[in-house]
Structures are given as structure tokens and as C-alpha cells.
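See structure below.
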Amino acid sequence: MADIETLKQENRIFNPPAEFVGNATISGMEAYQAMCAKAEQDYEGFWATLANENIQWKKPFTKTLNESNAPFYKWFEDGQLNVSYNCLDRNLQNGNAGKTAVIFESDDGKSTRVTYQELHDKVCQFANGLKSLGIKRGDRVVIYMPMSVEGIAAMQACARIGATHSVVFGGFSAKSLQERIIDAGAVAVITADEQVRGGKQLPLKAIVDEAIAMGGCEHLKNVVIYQRTGANINFVEGRDRWMKDVVANQASTCEPEWVDAEHPLFILYTSGSTGKPKGVQHASGGYLLWAMLTMKWTFDIKPEDVFWCTADIGWVTGHTYIAYGPLAVGATQIVFEGVPTYPNAGRFWDMIARHKATIFYTAPTAIRSLIKAADADAAVHPKQYDLSSLRLLGSVGEPINPEAWMWYYRNIGNEKCPVVDTFWQTETGGHMITPLPGATPMVPGSCTLPLPGIMTAVVDETGNDLPNGQGGILVVKRPWPSMIRTIWNDPERFKKSYFPEELGGKIYLAGDGAVRNETTGYFTITGRIDDVLNVSGHRMGTMEIESALVANPLVAEAAVVGKPDETTGESICAFVVLKRSRPTGDEAKQIAKELRDWVGKEIGPIAKPKEIRFGDNLPKTRSGKIMRRLLRVLAKGEQITQDVSTLENPAILDQLKQAQ
Ligand code: WT7
């Protein structure tokens with residue numbers, strides 16, 4: 001984790017290389033400032049021009065922004081479009097039909113190429129196939145797929161027929177999948193027999209079966225299965241179909257369903273501060289616009305680039321910067337299946353060299369683990385690989401500590417590639433605060449300045465602006481096109497979580513703390529201000545894990561906190577009180593393992609606590625509130641120097657000090 005004190009003193013500044021600046025889409029700080037000024041002067045005009053220039057509208061919009069029902073903002077509401085048409089057909093018209101859209105490399109290192117024409121045809125056949133199953137505009141479809149061209153095609157096919165997809169990351173458990181199928185009211189699940197990660201075959205279809213068997217999924221009529229490994233699966237006649245049968249004999253053209261700009265393109269579940277994940281709903285027009293603009297502005301995408309975002313389509317990064325953004329701007333992109341450490345920790349560098357990637361976008365947690373691996377084994381050190389094709393590097397998902405930034409800049413970018421540290425969220429749809437590679441002087445560990453048109457600020461609890469240098473909460477003062485539209489099925493929670501009354505009800509609360517540098521005004525994100533953890537760039541709600549733990553018959557009470565971790569940013573530490581007496585020694589180890597596996601089954605392996613400590617009780621105030629701030633100190637292994645006068649049972653602290 002970025003140490004805030006060190007960051008405040010971080011004074012290294014790296015200017016973008018002159019050559020990069022010369023060819024950049026946004027070239028130089030004056031150009032950036034001029035765009036910001038334009039947005040300030042005529043906010044709606046700024047966005048309207050961009051939306052007209054970038055999107056191919058079926059019916060042009062006449063209204064740019066509707067604020068009458070704030071915070072349920074509407075963008076380009078009377079315009080009509082189809083997102084898949086903009087990503088595929090447009091490229092066929094632009095002369096990109098024969099251009100490679102996707103270079104796909106599977107876990108075993110085999111690669112295949114798909115052109116825009118081929119991808120278009122595949123998506124159309126699949127869209128027709130989905131229609132033949134009775135899936136139509138407005139329906140929700142859950143996608144539980146491995147990284148694959150088919151996964152991207154499934155998302156695009158949904159967009160083409162106006163169905164709203166909800167991709168569930170393949171690492172989530174049957175229970176998590178079931179909850180999402182129910183909440184979305186999905187009529188179909190698109191999945192695969194299995195997924196392959198690091199040489200291991202892992203089930204997907206079997207988990208779908210398990211999820212459905214848990215009940216409540218009566219609205220689900222179809223399960224479509226892509227054959228990834230050919231493993232035996234349980235096939236339910238009447239409900240299950242092979243993808244190859246669904247697309248067989250389907251036409252390779254499909255008239256897109258023209259939808260309103262506000263039509264829900266997708267729902268993506270993410271963790272919040274209560275036990276129940278939030279179904280973040282995005283719209284079509286505004287989302288597409290921002291996916292395109294950030295590809296152009298932040299990634300400076302050019303026709304000859306080979307773009308590689310290493311995210312999974314199960315996360316928002318894989319939506320915006322794999323499934324939609326690169327296609328909408330006609331880029332060639334690499335898509336990979338697997339993990340960064342298989343067949344060895346040189347996989348990323350080897351792939352960059354073989355496919356001549358020019359833009360590389362990954363997470364700090366991956367960088368940190370690959371630094372370790374390179375230190376331990378010279379054979380997988382990036383210097384063994386030809387990385388000279390690279391011209392731009394990006395980081396996403398969590399704060400990047402200056403040391404990791406420097407390593408990335410030096411060893412991967414050879415000090416000639418700008419590094420864009422992109423701050424954004426599932427809710428924001430695309431980048432918010434990031435350097436522009438051909439303009440912004442970079443400071444390691446700072447995401448620097450907001451993109452043009454993005455009105456971020458640091459305020460206090462009542463919404464008053466804070467001066468630079470003073471830490472506060474990060475907000476966005478004006479709505480922007482790719483913002484979350486609502487929480488699916490829960491508009492009240494949407495209002496409460498993101499537009500709280502204390503801040504006036506109209507400014508967006510990001511949920512992160514931030515501070516701006518006194519001289520440069522640069523933003524540094526200081527971490528979440530709610531009960532959300534960031535483990536390896538994945539968002540986890542502490543309440544979600546606590547609910548999973550207390551659902552175990554052995555557990556009476558549980559409190560979960562984050563603990564700084566060198567590799568994963570944060571790690572999960574759980575304090576647990578059992579219904580029986582407090583276990584010690586081997587028994588404690590055994591029960592801790594049982595509980596970890598339980599959480600893995602309840603939520604998914606990413607939610608397994610790294611550490612579990614048992615106590616007779618938890619530190620509580622006299623009114624019974626668990627004092628998590630004390631638990632955070634204990635988890636770090638530090639001495640408690642804070643005020644404990646409100647603590648009901650101070651003796652418990654000694655017991656919880658010791659890891660098992
Ligand atoms: C949270 C959002 C961004 C898409 C993938 C994660 C943290 C994200 C940065 C960054 C510091 C960052 C924030 C944010 N975060 N990017 N560059 N610097 N923190 O999306 O799962 O919705 O998580 O990730 O805490 O709120 P997400």
C-alpha cells in the first residue's frame with residue numbers, strides 16, 4: 001500500500017518524453033487545460049460535441065443532460081444507438097474489416113487471431129441464436145465465462161439485441177452466482193464447461209448447476225454452454241444448450257436493436273459497505289462515449305497500436321478496456337487466458353515481446369508479485385525479454401506505491417514510456433483521474449489530475465472544499481456521461497450511497513479519501529473511507545465476509561478488517577468468536593482452515609481471509625459497537641496508542657494481539 005506520508009514527500013517528477021508529446025492526441029498541458037476550460041465554460045456543449053463526433057447515432061440526440069430527477073441523471077436521452085453496431089459494423093465501414101480485432105492467447109500459450117469481420121459475424125450469429133431462444137430487448141443475461149473471444153462475443157451479442165448483461169467473475173462461488181442471477185432476474189446464463197487457469201481445469205457449468213439448485217431462479221430459462229475443455233458436464237435437457245448448436249445455421253448478419261441512449265447496457269455487481277453486493281447499472285450512450293474518449297485520451301490509441309489490458313471481463317476494467325473501448329475505436333488488442341505466473345512469471349513480458357504490444361495496462365498487485373519473482377529468478381526478469389515495442393504503460397485498481405511505479409517505469413518501460421496511474425471505479429464506467437501520457441508530468445504514486453470534463457474535488461464531511469494539502473473525501477461535483485445510473489432494484493441505496501444528503505444530494509461520493517498536493521494540485525488517493533477493502537485490486541466488503549463467516553454454524557460473531565500487504569495491497573484479517581470455547585493450537589489452525597474454505601464457498605476464493613484470530617469476544621463499546629479501528633491496529637501487529645476509554649472489555653485486546 002502506498003504510504004501516505006512518503007507520498008506527501010514524493011518529489012520526483014517525470015516529464016512525458018518529447019517524442020510522445022509530439023505525436024499525442026492531447027499534446028502538452030496547454031491543450032489539456034484548454035479542454036478543461038471548455039468544459040467549465042459550456043459543460044453540456046462540451047459533452048454534446050464529443051458525443052456527436054464519437055458515436056454513430058441511429059437517431060441523433062437533441063437533449064444533452066437532463067438533471068430534472070437528480071441524482072438520476074440522463075444523458076443524450078432522446079438519441080438512439082446500438083453499442084455493438086458502434087464497436088463492430090462501424091469498423092467494417094471504416095476499412096477495418098480485415099484488421100485484427102483480438103489476438104487471443106490461451107493458458108497453454110497458443111494464440112489465435114480474429115479480425116473485425118470475423119468478430120462481427122460471430123457476434124451476429126450468437127445474437128441471432130440468443131433471439132432464437134426467445135431472449136429479447138430488456139432481458140437480463142448472466143455471463144459466467146472464462147477469458148475468451150466467446151466471452152467478449154457474448155457481451156457484444158447481448159448489446160446487439162438490447163439485452164442487459166451481467167458478467168459474474170469466474171472466481172465467484174455458486175452462492176454468489178445464485179444471488180446475482182436472482183437479483184438481476186436473469187432469463188439466461190451463458191457459461192462454459194470449464195475454465196483453465198495456470199494449467200488447471202476448473203469447473204464453471206457445474207457451479208451454474210449448483211447455483212440454480214439453490215433455488216429462486218425460476219425466471220431462468222436457458223443455460224448456454226461454450227465448450228472450452230470438452231469436460232463431461234451434466235446436461236439438463238430443455239434448459240441447457242451448447243453454444244455451437246445455438247449458433248449453428250444462424251445468419252452472420254443481425255440487424256441491431258436500436259435502443260435509447262439510457263438503455264441499460266449492463267449491470268455489474270460490486271462490493272459495498274453492507275453485506276449485499278450492489279448491482280451497478282450503466283447506460284448505453286454515455287458509457288460508450290467515455291470508453292472511446294478514454295481510449296483516445298488516456299491510452300492515446302492509434303491505428304497501429306497493439307493494446308493489452310490484462311483484466312478479466314468479470315471486472316469493470318475488462319468491460320470498458322476489453323469488451324467495449326478497444327473495439328469501439330477499432331484497435332487491435334491482446335486478450336489472455338490464465339495467470340501472470342504460469343507457465344512462469346515471465347508470461348506477461350514474453351507475451352509483450354511475441355505480440356509486440358505497444359500499450360500495456362495492468363494492476364499494481366501483478367507488478368508487485370512480478371517484481372518479487374524477477375528478484376528471485378533472473379530467468380523471468382523483464383530484461384530477458386524484448387520489450388521495445390512498448391510505448392505506454394498503465395496501472396489500475398489500487399494505489400501504486402512509488403517503488404513499484406519506479407520499477408515499472410524503468411524495467412518495463414525502459415524510462416521511455418509514460419505511466420498512466422488511472423483512478424476510477426466500477427461506478428464511474430471509465431478513467432476519472434489520470435495523467436495524460438502526452439501532457440501530464442508524472443509523480444510516482446499520484447494519479448495526478450482529472451480528465452477534461454470530470455469535476456473532482458476534495459471536500460470535508462459537509463461538502464465544503466478543502467484547501468490543497470488537507471486530506472478529505474473525494475467527490476465529483478457534476479454528473480458525467482459514463483456514471484452509474486442506479487443500483488439495480490435499489491434506487492434508494494443508490495441515492496444514499498453515492499449522493500448522500502449531507503453533501504447536498506447532488507454530488508457524487510466516490511467512497512475514497514484523497515489529498516491534493518499543495519503546489520501541483522495533484523490528487524493522491526488515500527484509500528477507502530467505507531468498510532470496503534481492496535485485495536489485489538479486487539473490491540471486497542468487510543460486511544460481506546462477516547456475513548459469510550457468521551453463516552457458519554460454528555461462528556457466533558466475526559469482524560473483518562484490512563491489513564496492509566506488500567503484494568496484494570491489503571489482506572483480509574478476520575477476528576472470530578465461536579459459539580464454543582476459544583480454540584488454540586492445532587485446533588485453532590484446523591478451524592481457521594475450515595472457515596477459510598467456507599468463505600471460499602460462500603463468496604469465492606478471493607474473499608478467503610488470509611488470517612483468522614479467535615477471541616472470547618470482540619472489542620466493543622458500551623453500546624455494543626465493534627471497535628474496528630482497534631482491530632485494524634491489532635491486525636497490523638502494532639501497539640494500541642489510541643483512546644480506549646469507551647471500550648467495554650479492554651482485556652480482550654491482549655488475547656487478540658496474537659496471531660494463531
Ligand atoms: C476502487 C474501485 C478502477 C477499476 C478497477 C477497480 C481503488 C482504483 C485506483 C488508483 C488508487 C484506486 C479505489 C476505488 N482504485 N484505481 N489508480 N489509485 N486507488 O474498480 O473494483 O470498482 O474499485 O479501487 O479505492 O474506489 P473497483
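The values are calculated or read from the model by the stated rules, or taken from the named source; none is laboratory data. No experiment lies behind these values; they were computed from the predicted model shown. No Cβ is skipped: glycine too gets one built from the backbone with ideal geometry, and neighbour counts run over all protein chains shown. Just so you know, the surface numbers come from the protein's heavy atoms only, side chains and all, with ligands and any DNA or RNA stripped out. Shrake-Rupley method; radii C 1.70, N 1.55, O 1.52, S 1.80 Å.
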| said: Quick check on region 125-140: of everything there that is charged (D, E, K, R) and part of a loop (DSSP other than H, G, I, E, B), which residue is surrounded by the most Cβ atoms within 10 Å (Cβ to Cβ)? | reply: Asp139
| query | In region 7-124, which helices (runs of 4 or more DSSP H) lie fully inside it and hold 1 or more residues that are of a type in the set (Lys, Arg) and closer than 27 Å to Gly394 by Cβ? | reply | 29-41, 89-93
| Conditions: (1) over 30 Å from Ser482 (Cα atoms); (2) assigned to a loop (DSSP other than H, G, I, E, B). Lys244 meets all but one. Number of the miss? | (2)
| Counted residues, region 472-484 - those being touching a residue at least 60 places away in the same chain (Cβ under 8 Å) and small (Gly, Ala, Ser) | 1
| said: Being without any contact (Cβ under 8 Å) to a residue 40 or more places away in the chain, under 28 Å from Gly162 (Cβ atoms) and not polar (S, T, N, Q) is true for just one of Glu77, Glu118. Which residue is that? | reply: Glu118
| message | For the condition open to solvent by less than 20 Å² (accessible area, probe 1.4 Å) and without any contact (Cβ under 8 Å) to a residue 40 or more places away in the chain, what is the one hit in Ile143, Ile152, Ile181? | response | Ile181
| Out of all the residues in region 449-475, which are acidic (Asp, Glu) and touching a Gly at 6+ places or on another chain (Cβ under 7 Å)? | Asp460
| message | Scan region 75-87 and tell me whether some residue there is charged (D, E, K, R) and out of contact with any Lys or Arg (no Cβ under 8 Å at 6 or more places or on another chain). | response | no
| query | What residue, among those in region 271-287 that are outside any loop (DSSP other than H, G, I, E, B) and open to solvent by 10 Å² or more (accessible area, probe 1.4 Å), is nearest to Gly604 (Cα to Cα)? | reply | Lys278
| field | Pairs where the first residue, in region 352-374, is more than 17 Å from Asp421 (Cα to Cα) and open to solvent by 10 Å² or more (accessible area, probe 1.4 Å) and the second is in a strand (DSSP E or B) and among the acidic types (Asp, Glu), C-beta under 8 Å, 6+ apart | value | His355/Glu105
| Looking only at residues in region 544-561 that are among the hydrophobic types (A, V, I, L, M, F, W, C) and surrounded by 19 or more Cβ atoms within 10 Å (Cβ to Cβ), which one is nearest to the chain's Cα centre (by Cα)? | Ile545
| message | Any residue that is more than 16 Å from the ligand (Cβ to nearest atom), buried (at least 17 other Cβ atoms within 10 Å of the Cβ) and among the aliphatic types (A, V, I, L, M) - is there at least one of those in region 5-19? | response | no
| field | Filter pass, Pro479 being in a loop (DSSP other than H, G, I, E, B), in contact with an Asp or Glu (Cβ under 8 Å, 6 or more places away or on another chain), under 28 Å from Lys38 (Cβ atoms) and more than 16 Å from the ligand (Cβ to nearest atom) | value | yes
| Filter result for the condition that a residue is open to solvent by less than 10 Å² (accessible area, probe 1.4 Å) and closer than 25 Å to Phe76 by Cβ, over Trp297, Trp290 | Trp290
| touching a residue at least 24 places away in the same chain (Cβ under 8 Å), within 25 Å of Gln195 (Cβ to Cβ), hydroxyl-bearing (Ser, Thr, Tyr) and within 16 Å of the ligand (Cβ to nearest atom): does that describe Thr317? | yes
| field | Residues that are out of contact with any strand residue (DSSP E or B) (no Cβ under 9 Å at 6 or more places or on another chain) and open to solvent by 80 Å² or more (accessible area, probe 1.4 Å), drawn from region 594-628 | value | Glu594, Lys601, Pro605, Ser623, Lys625
| task | Filter region 437-465 for residues that are assigned to a loop (DSSP other than H, G, I, E, B), open to solvent by 10 Å² or more (accessible area, probe 1.4 Å), away from the ligand (no atom under 15 Å from the Cβ) and more than 16 Å from Gly28 (Cβ to Cβ) and give the result. | result | Met455, Asp460, Glu461, Thr462, Gly463, Asn464
| Selection count where residues are within 11 Å of the ligand (Cβ to nearest atom), at pLDDT below 95 and either open to solvent by 10 Å² or more (accessible area, probe 1.4 Å) or farther than 30 Å from Val280 by Cα (or both), scope region 378-436 | 4
| task | Quick one: which strands (runs of 3 or more DSSP E) lie wholly within region 485-541 and hold at least 3 residues that are within 11 Å of the ligand (Cβ to nearest atom), free of Cβ contacts under 8 Å to residues at least 40 places away in the same chain and open to solvent by 40 Å² or more (accessible area, probe 1.4 Å)? | result | none
| query | When residues of region 538-552 are filtered for being touching a strand residue (DSSP E or B) at 6+ places or on another chain (Cβ under 7 Å) and under 17 Å from Val396 (Cα atoms), how many remain? | reply | 2
| said: Exactly one of these conditions fails for Pro564: (1) within 16 Å of the ligand (Cβ to nearest atom); (2) buried (at least 21 other Cβ atoms within 10 Å of the Cβ); (3) part of a strand (DSSP E or B). Give me its number. | reply: (2)
